[in-house]
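Everything on this sheet refers to the single structure shown next.
The values are calculated or read from the model by the stated rules, or taken from the named source; none is laboratory data. Since we're looking at a predicted model, the values are computed, not measured. When we count neighbours, we look across all protein chains shown, and the Cβ atoms used for this are built from the backbone with ideal geometry, even at glycine. All accessible areas refer to the heavy atoms of the entire protein, side chains included, with ligands and DNA or RNA removed. Shrake-Rupley method; radii C 1.70, N 1.55, O 1.52, S 1.80 Å.
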Amino acid sequence: MPRPGFVLDVDERTPPLLVHEGEGFRMQKFPLGTRVVYPPDPLPGIRDVNAAIRHALVHPTGDSQPLPDLLKAGMKLTIAMDDISIPLPPMTRPDIRQRILEQVIELAARKGVEDVQIVVATALHRRMTADEIRRMVGERVFRSFWPEDLYNFDGEDKDALTLIGTTDKNEDVEISKRAAESDLLVYINVNLVAMDGGHKSVAIGLAGYRSLRHHHNVDTMMHSRSYMDPRPGHSAIADSATRMGRLIAANGLNVFQIETTLNAETFPKNLGFLNKREWEWSAYDQGLMMAARKANHLAPPRARREFYRRVEAPYRLTGINAGEVEAVHEQTLENLHRQQLVEVRGQSDVLVLGLPYISPYNVNSIMNPILVHCLGLGYLFNMYRNMPLVKPGGVVIMYHPVPWEFHQIHHPSYVDFFEEVLAETTDPSTIESKYEERYATDPWYTHLYRTSHAYHGVHPFYMWYWGAHGRDHAGDVIFVGGEPKSVARLGYRAAGSFRDALEMAKDTVGSSPSITYFHAPPIMIADVV
């Protein structure tokens, strides 16, 4: 039985601990008494993945017929799936989406279904490239369907969107017309974190700005006590997605939801020490660590980035459920929590986070400063249930170099947001009211989103809002090793070392603060009680 996660109290015997910092890591000595939250060991994977997929398709969860019974000759079938933003890092091939797609398509062919289209549910994310899609779906599916019947969703194609209706909270629900007019919509999800899946899949993944603006906004983020706690009343964004998804179902769209969960085997063998607790490193692990650290130090930035781009996670499947959306998602969350939940007692004055090289929005790209902000205060800060790991008004210390660097093709509106908007103000509400609509409707950004591989013009705003709750909760935010100019533009402070950061934090939390180091990745959720 794999070991659960646990909380270590640093004492005289505790070795220096690994802390991620972008495309690299450091070994950091922490003060005595620091709490270190470690994730659970990886759960065992399902041995026969193809058999598990078949079982899920013919033994659905909730009020749903088996998939073979839903497939009929002459019907219009749409298959949608999560995009490149999950899982992180990308999983070794074959991707679980490929395995599921092949079985769904085979069942449809046996039933005589000819009108089949596959859409990557990108919402306002960048379009995936042909090679990225080929890697995800496999050669056979790619050759059979690309590009006419396998394509990226386009949230700005007005003719390809349809208004389903309005929720009781006056939220417009506008999604893919092809999906809405299908006799059956099959959605394939990879559930990496607790906010993935459920009604979010269709109501957000296949929606454009008209719908997304109702929940991707400052008010919603500030009323989401944790994005990773989708229980009713805990996450306003999850509540909004649920209202939208239920409206879609009430209007007759038959959704057959397929959700998968993965274990915590995040890094391949050559980086296997990153999956382990430091005092359990073998001599081989220590050698790998020292070699990797030396290579990171000597390699030029481009070579270092290319190395990390090639990392593939040897994730193993821990669960697959299919059928009615809410019933499926309930089982998914149970599986996810078996792998990720760690009980932690109480809050600390200081929270320490090491930010890795990857986030949902820089796969095969560059982690720009806005994405650093989002990863730290939006994602890792929110990896909790009940209450944050840091006290209200406490200090968040993060490790990342925060380079003033952007991918010009993927993130064009980010460049302007960073240089124009943040130069004037970092206040999320002011940014939203003064600038959002102009960026969201800018014709050039829209053109790049539709024809190139750029994130939508409004996307940097969403990333800024994503960190609004964490930013509001913390009394101070300090980056260790961050480029001072970039960090200052974000509205935060830079420190040369952890010792310097603690010295700077004295004004907020005093000279003897309680400290918690959240030792992730691998991903976990702190169940703070």
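Below, the figures for the structure above:
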quantity	calculated
Principal axis box of the chain, alpha-carbon based, largest edge first, Å	70, 53, 44
Nearest-ten-degree value, helix 325-340 long axis tilted from longest Cα axis of the chain	30
Karplus (6.51, -1.76, 1.60) ³J(HN,Hα), θ = phi - 60°, over region 69-76, in Hz, Gly and Pro reported as x	6, 8, 8, 9, 4, x, 7, 9
Compactness of region 109-151 - radius of gyration and Dmax, Cα, Å	11.4, 35
Antiparallel bridge percentage (DSSP; both residues within region 50-262; nearest 5)	20
Distance histogram in 5 Å bins (all Cα pairs of region 1-146, percent per bin)	2, 7, 12, 14, 14, 12, 10, 7, 7, 6, 4, 2, 1, 0, 0
Part-to-part distance (alpha-carbon centres) for region 446-492 and region 84-131, which is given in Å	30
Interchain or long-range residues, amide H under 5 Å from Met91's placed H	Ala313
Accessible area per residue in Å² at 1.4 Å probe, computed on the chain	39
Cα-based convex hull volume of region 128-228 per residue, rounded to whole Å³	135
Within-13-Å neighbourhood charge of Pro300 [Cβ basis; K, R +1; D, E -1]	+1
Over the chain, relative contact order from alpha-carbon pairs under 8 Å, at least 6 apart, %	21
Region 13-38-region 286-365 distance, computed between alpha-carbon centres (Å)	17
Carbon and sulfur %, accessible surface of region 198-253 computed with the full protein complex present, 1.4 Å	51
Largest-first ordering by accessible area, 1.4 Å probe, given options Glu114, Glu174	Glu114, Glu174
Relative contact order for region 323-476, counting Cα pairs under 8 Å that sit 6 or more residues apart, in percent	30
Cβ-derived FRET efficiency at R0 22 Å, Ser514 paired with Lys276, nearest 0.05	0.25
Spatially proximal lysines relative to Lys111 (Cα-Cα < 18 Å; intrachain offsets below 8 disregarded)	Lys72, Lys76
Candidate lysines for bridging to Lys485, where Cα separation is under 23 Å - those fewer than 8 sequence places away on the same chain excluded	Lys506
Principal axes of region 360-428: Cα extent on each, largest first, Å	39, 30, 20
Share of carbon and sulfur in the accessible heavy-atom surface of region 349-483 [1.4 Å probe, %]	50
Over region 50-262: Rg over Rh, Cα atoms, Kirkwood Rh	0.94
For region 194-208, Karplus couplings with θ = phi - 60° (6.51, -1.76, 1.60), whole Hz, Gly/Pro x	5, 8, 6, x, x, 5, 4, 4, 7, 5, 10, x, 10, 10, x
Value of D in µm² per second that Stokes-Einstein yields for region 229-328, Kirkwood Rh from Cα pairs, at 37 °C (0.692 mPa s)	185
Rounded to the nearest 10 Å², the accessible area of Arg304 at probe 1.4 Å	50
Bins of 5 Å, starting at 0 and running to the largest distance - Cα pair percent for region 59-125	3, 14, 21, 20, 19, 13, 8, 1
For a label point 7 Å along the Cα-to-beta-carbon line of Glu312, residues of region 97-119 with backbone N under 14 Å	97-99
Bins of 10 Å, starting at 0 and running to the largest distance - Cα pair percent for region 389-458	18, 37, 30, 12, 2
